[in-house]
Amino acid sequence: MDASQSDASRLLQIEEITKSLQPWKYPVIIAGDFNAEPDSKVVGKLDAGFIRSCKNGCANTIPSDAPTKIIAKYLRDPFIVVLSIMGC
């Protein structure tokens, strides 16, 4: 998601992603930098339909030279079982 856009823009993008995946019959993994902190409305909206791969004790991701906070999220639908995650 574009860091220069507002949360309102990101929320609309998430709605479009969710709508486009509704007819999909296979498990889905969404990975990327959503430019939103874990307690944001953006991540909350993603949590409504997906499961975060790391909720507690996750590694900081930004700034890249000396990370102090988390913005990258990796999500999966409830039908995918995660066996292990490196870096969490």
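Computed from the C-beta positions of D7 and I80 and an R0 of 30 Å, the FRET efficiency is 0.65 to the nearest 0.05. A straight chain from D65 to E37 at 0.36 nm per residue would run longer than the Cα-Cα distance by 8.3 nm.
Mean sequence separation of contacting Cα pairs (under 8 Å, at least six apart), scaled by the length of region 7-76, corresponds to a relative contact order of 38 percent. Shape annotation for region 7-76: C-alpha extents along the principal axes are 41, 25, 18 Å, from largest to smallest.
No value in this document is a laboratory result; all are computed from the given coordinates. Only a predicted model underlies this, so the values are computations on that prediction, with no experimental measurement involved. Methodologically, a virtual Cβ is constructed for each residue, glycine included, from the backbone with ideal geometry; neighbour enumeration extends over all protein chains shown.
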